[in-house]
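> Dropping a structure here in structure tokens format, bear with me for questions.
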Amino acid sequence: MGKYILRRSFFAIPVIFSVVFLVFIAMHIAPGDPIDLLLPPDSPWVSDDGRAEYEAELRTRLGLDQPLHIQFLSYAGNLLRFDFGDSLYSKQPITNELLPRYQATLELTILAMGISILIGISVGVLSAVFANSWLDSLITFVALAGVSIPSFWLGLILMLVFALGLGWFPPSGRPASAFTAEGIRFVVLPAATLGIASAGILVRITRSQMLEVLEEDYVRTARSKGLREARVVLRHGLRSALLPIVTVLGIQFGSLLAGAVVAETVFAYPGVGRYLLQAVSNRDFPAVQSGALFVALTFVLVNLLVDMTYAFLDPRIRYS
Amino acid sequence: MISVARAEETTIGVRQPFLRRMWKRCYRNKATLLSLIFTALLVVVTLLAPWIAPHDPLDQDYMNTSQTPSAEHFFGTDNLGRDIFSRVIIGSRISLSIGAIAVAIGMLFGVTFGLVAGYFGGVIDEVMMRMIDVLMAFPGILLAILVVSVLGSTVSNVILALAIFSVPTFARLTRASVLSVKELDYVTAAYSIGIRPFPLIIRHILPNISAPIIIYATLRMATAILGGATLGFLGLGVSPPTPEWGLMVSDGRHFMRTDPHIILFPGLAIFLTVLSLNLLGDALRDVLDPKGQYN
């Protein structure tokens, strides 16, 4: 197992390196001088007279007068020291700004994932157990509707009904961590908004995996031994169906992490996604880079974790 | 021999009774029938939009702002007195063309990538797939946000962003399909009589892996339309006053408490469009791929 973890972690290094490179090079891919991207003519951060001076200062500070490979090395070097540079907008270190938002987004994503797993797997199993019944058709349809509904629209409707209409939950904000009595009410609607689509996908996958597994010989054996149906389905069925579901969970976590930007925007929830979006509209490119990097690197790490879980659950992978 | 027989069976089996099988599926599954009707209707509406829309989608009427649905304004009017029905109708052109063009471009590059990587294998495959891995490290809509933020939010950049977002999955799907077809006897036979790689890939491999690509393109179109609308909602898509569905929801949300109909109809338009494309994709999968080979 140790050897597998080491090997798999090793494979993640080139991906992480390339992600950093891609985010770095994004600034240089845009046509024209990168300084135009950082300080566009309509940039609100600099007056016309101070412009040339600030431009020169920025060029030196960011090392834009250096050759590209030197720039990249110093960028990557700074990242290793957890230095993401300063925001052009607030002039503050981006790391300080991002960390609390990162926590907020992680909380939101984890809760959304929880909702999605809870609904997705239980309803998926139900659908497979009652395969081809009216209940199954209904579930399949609702699951597809969940995947198809635009999450920003769903979020607004949830807000309209449960916050503005019924007043069960506050419509926006995040006064405290989601894992406190005060904060939990604020995260329910965003997490539900975010989790629905992913729940739909999980229902579909759980259903198809369960249908396959329930045909297996060992399930028939378990039944013929006279085990109760619930035990057959959960112990003998779901347990082996879980393996492929775990892989999908990793990808789902990534989509949730990125999709959080929508829930955060609708519910004015101060997370990385909203930071990223504000940075885009402020034309604060270093902040955009860092936000994107945070999300992408988290996703790479989560996938690493998922692969390890998978190897732990299925010994065949470790030894191949 | 078995593999040859199977390959023939797939080609013939898919081509001939496709319409009849689709018809049977519609007969049994009413959701499929409805999605087919809705999609057909949508295409007609998109093509004839300027003739169907009763009002100018940009025309502001300050005497009639935020009207609820009526005989004059089927979906009511928005906060600037613009006819929401006309805006939704004209907006179908934008959403559908963004989705269709983005998927077409993504498919072109993704499939080419997958064909080359899968057919040639070895180092080429390894390098190309690692490139795809890197693109896939940017989950969901993140890559699109990054692209639009660098290049600016215009329609063509939104299309580009969504196309890039579609490339990796098309590439992986195509590569996997090529690998399963490549070893079949008819490909070996074609290779052994000296057919060069390019014609071999185009004439012999591509037609036999088209089913999963078609299925996937339909599903991807749904994702791309949803993605385009999401970018519009986030303010990264087309700019106002263009009647883009996502943007319409975004504009309307400030008046949501008093006039929920402003966000209701454009959102419903996105939802139903994406839902029917997804239903259609599912139906195509069942009809084109009854054995579930490509799942």
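The values are calculated or read from the model by the stated rules, or taken from the named source; none is laboratory data. Predicted, not measured: the structure shown is a model, and the values here were computed from it. When we count neighbours, we look across all protein chains shown, and the Cβ atoms used for this are built from the backbone with ideal geometry, even at glycine. Quick note on the areas: whole protein, heavy atoms, side chains included, nothing else; ligands and nucleic acids left out. Shrake-Rupley method; radii C 1.70, N 1.55, O 1.52, S 1.80 Å.
> Suppose we filter the stretch B:32-48 for residues that are buried (at least 18 other Cβ atoms within 10 Å of the Cβ) and small (G, A, S); how many remain?
1
> Given (1) farther than 16 Å from B:I225 by Cα; (2) of a type outside the set (F, W, Y); (3) open to solvent by 30 Å² or more (accessible area, probe 1.4 Å); (4) in a helix (DSSP H, G or I), identify the lone condition not met by B:C26.
Here B:C26 clears every test but (3).
> Now a separate question. At least 3 residues that are open to solvent by 50 Å² or more (accessible area, probe 1.4 Å) and within 14 Å of chain B (Cβ to nearest Cβ) in each: list the helices (runs of 4 or more DSSP H) lying fully within the stretch A:197-284 that qualify.
On the way: elements: A:217-224, A:239-266, A:272-282.
Output list reads A:272-282.
> Here's a follow-up. I'd like the full set of residues that are out of contact with any Gly (no Cβ under 6 Å at 6 or more places or on another chain) and surrounded by 17 or more Cβ atoms within 10 Å (Cβ to Cβ), limited to the stretch B:242-258. Spell out how you get there, then give the answer.
Here is the first cut: in the stretch B:242-258, the ones out of contact with any Gly (no Cβ under 6 Å at 6 or more places or on another chain) are B:242, B:248, B:250-258.
If the condition is that a residue be out of contact with any Gly (no Cβ under 6 Å at 6 or more places or on another chain) and surrounded by 17 or more Cβ atoms within 10 Å (Cβ to Cβ), then B:T242, B:M248, B:S250, B:D251, B:G252, B:R253, B:M256 are the ones that fit.
> On to the next question. So, in the stretch A:270-320, how many residues would count as being within 15 Å of the chain's Cα centre (by Cα) and of a type in the set (F, W, Y)?
Of the residues in that region, 3 qualify.
> Taking the stretch A:27-59 as the search range and keeping residues that are closer than 16 Å to A:K91 by Cα and part of a helix (DSSP H, G or I), which one is modelled with the lowest pLDDT?
In this case the residue turns out to be A:L38.
> Which ones in the stretch B:80-108 are of a type in the set (D, E) and out of contact with any strand residue (DSSP E or B) (no Cβ under 7 Å at 6 or more places or on another chain)? Talk me through it step by step, then tell me what you get.
Our first condition is that a residue be of a type in the set (D, E); within the stretch B:80-108, this holds for B:83.
Hits for the stretch B:80-108: nothing passes.
> Same structure again: Are any of the residues in the stretch A:145-160 in a helix (DSSP H, G or I), within 13 Å of chain B (Cβ to nearest Cβ), without any contact (Cβ under 8 Å) to a residue 60 or more places away in the chain and over 30 Å from A:S208 (Cβ atoms)? Steps first, please.
Residues of the stretch A:145-160 that are in a helix (DSSP H, G or I), as a first pass: A:145-148, A:151-160.
Still in the list and also within 13 Å of chain B (Cβ to nearest Cβ): A:145-148, A:151-160.
Next, from what is left, pick out any that are without any contact (Cβ under 8 Å) to a residue 60 or more places away in the chain: A:145-148, A:153-154, A:157-158, A:160.
Okay, now just the ones that are also over 30 Å from A:S208 (Cβ atoms), so A:160.
Yes, there is a match, as at least one residue in the stretch A:145-160 is in a helix (DSSP H, G or I), within 13 Å of chain B (Cβ to nearest Cβ), without any contact (Cβ under 8 Å) to a residue 60 or more places away in the chain and over 30 Å from A:S208 (Cβ atoms).
> In the stretch B:60-95, how many residues are crowded, with 19+ Cβ neighbours inside 10 Å and either closer than 26 Å to B:P168 by Cα or in contact (Cβ under 8 Å) with a residue 24 or more places away in the chain (or both)? Even if it seems obvious, please write down each step before you answer.
From the stretch B:60-95, those crowded, with 19+ Cβ neighbours inside 10 Å are B:67, B:73, B:75-78, B:82-92, B:94-95; that's our starting set.
Add one more test, that the residue is either closer than 26 Å to B:P168 by Cα or in contact (Cβ under 8 Å) with a residue 24 or more places away in the chain (or both), and what stays is B:75-76, B:78, B:82-92, B:94-95.
Count: 16.
> Please state which one of B:P212, B:P266, B:P243 is more than 13 Å from chain A (Cβ to nearest Cβ) and under 20 Å from B:F74 (Cα atoms).
Details: B:P212 fails: under 20 Å from B:F74 (Cα atoms); B:P266 fails: more than 13 Å from chain A (Cβ to nearest Cβ).
The unique qualifying residue is B:P243.
> From the list B:G91, B:G110, B:G118, B:G140, exactly one residue is at pLDDT below 85 and either among the small types (G, A, S) or more than 24 Å from the chain's Cα centre (by Cα) (or both). Which is it? Explain how you work it out, then say what you get.
Details: B:G91 fails: at pLDDT below 85; B:G110 fails: at pLDDT below 85; B:G118 fails: at pLDDT below 85.
Among B:G91, B:G110, B:G118, B:G140, only B:G140 is at pLDDT below 85 and either among the small types (G, A, S) or more than 24 Å from the chain's Cα centre (by Cα) (or both).
> Which members of the stretch A:119-135 meet the condition of being in a helix (DSSP H, G or I) and in contact (Cβ under 8 Å) with a residue 24 or more places away in the chain? Working first, answer last.
Taking the stretch A:119-135 first, the residues in a helix (DSSP H, G or I) are A:119-129, A:134-135.
The answer is A:I119, A:G120, A:I121, A:V123, A:G124, A:V125, A:S127, A:A128, A:V129.
> For the list (1) modelled with pLDDT under 85; (2) in contact with a helix residue (DSSP H, G or I) (Cβ under 7 Å, 6 or more places away or on another chain); (3) not polar (S, T, N, Q), I need the number of the one condition that A:R274 fails.
That leaves (1) as the condition not met.
> Looking at B:G252, B:G232, B:G227 in this structure, which one is in a helix (DSSP H, G or I), over 22 Å from the mean Cα position of the chain (by Cα), under 30 Å from B:G152 (Cα atoms) and among the small types (G, A, S)?
On the way: B:G232 fails: over 22 Å from the mean Cα position of the chain (by Cα); B:G227 fails: over 22 Å from the mean Cα position of the chain (by Cα).
One residue alone meets the criteria, B:G252.
> Same structure again: Determine which single condition A:M113 fails, assuming it passes every other condition in (1) of a type in the set (A, V, I, L, M); (2) open to solvent by less than 40 Å² (accessible area, probe 1.4 Å); (3) modelled with pLDDT under 90.
Every condition holds for A:M113 apart from (3).
> Let me ask you something else. In the stretch A:158-185, how many residues are open to solvent by 30 Å² or more (accessible area, probe 1.4 Å) and at positive phi?
Residues flagged as open to solvent by 30 Å² or more (accessible area, probe 1.4 Å) and at positive phi within the stretch A:158-185 amount to 1.
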